Amino acid sequence: MSYATIWLDHREARIFRLSSRGVDKATLRPMLHPERRHSRGESAATAHPDDDRRFFADISAALSGYAHILVIGPSSAKLELVEYAHERDHTLEDRIDGVQTVDHPTDRQIVALGKKYFKLADE
């Protein structure tokens, strides 16, 4: 079995592969556009409409090899990933076992949370 715990917000996704051989980590970041609007200018959105979709597609591709996935994070990004999976990637949706709200844990805390969630022996 292959297990992954992913912590994400809108600025990055940290993916941890949990296995008997240890833990591997990958970090993904969305494409950022250098465009900045002046604070006194128009209040149009600064985000580009496809940025989140591209970010979630990259995450989905990175999670393609995992049978069991725990999604955690502090904000709405984790729920948006689940919604993306529901609408666009049913194979990812089927592999998401849980979603939990956590603030900004360390890498070690994320790994410990994943091992506890999946009931994996701590080595």
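Some values worked out for this structure:
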| quantity | calculated |
| --- | --- |
| Filtered residues of the stretch 58-88 (kept if surrounded by fewer than 18 Cβ atoms within 10 Å (Cβ to Cβ), of a type in the set (A, V, I, L, M, F, W, C) and in contact (Cβ under 8 Å) with a residue 40 or more places away in the chain) | Ala62, Ala67 |
| Residue satisfying all of: in the stretch 89-116; over 11 Å from Ile69 (Cα atoms) and in contact with a helix residue (DSSP H, G or I) (Cβ under 8 Å, 6 or more places away or on another chain); surrounded by the most Cβ atoms within 10 Å (Cβ to Cβ) among these | Asp89 |
| Residue that is surrounded by the fewest Cβ atoms within 10 Å (Cβ to Cβ) [pool: residues in the stretch 9-27 that are aliphatic (A, V, I, L, M) and closer than 11 Å to Val111 by Cα] | Val23 |
| The lone exception for Thr106 - which of (1) modelled with pLDDT under 95; (2) out of contact with any strand residue (DSSP E or B) (no Cβ under 9 Å at 6 or more places or on another chain) it fails | (1) |
| Some residue of the stretch 61-73 being in a helix (DSSP H, G or I), under 11 Å from the mean Cα position of the chain (by Cα) and not basic (Lys, Arg) | yes |
| Strands (runs of 3 or more DSSP E) fully within the stretch 1-45 counting 3 or more residues that are touching a Gly at 6+ places or on another chain (Cβ under 6 Å) and at pLDDT 95 or above | 3-8 |
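The values are calculated or read from the model by the stated rules, or taken from the named source; none is laboratory data. Source: prediction; values computed, not measured. Here Cβ is always computed from backbone atoms with ideal geometry, including for glycine, and neighbour counts include all displayed protein chains.
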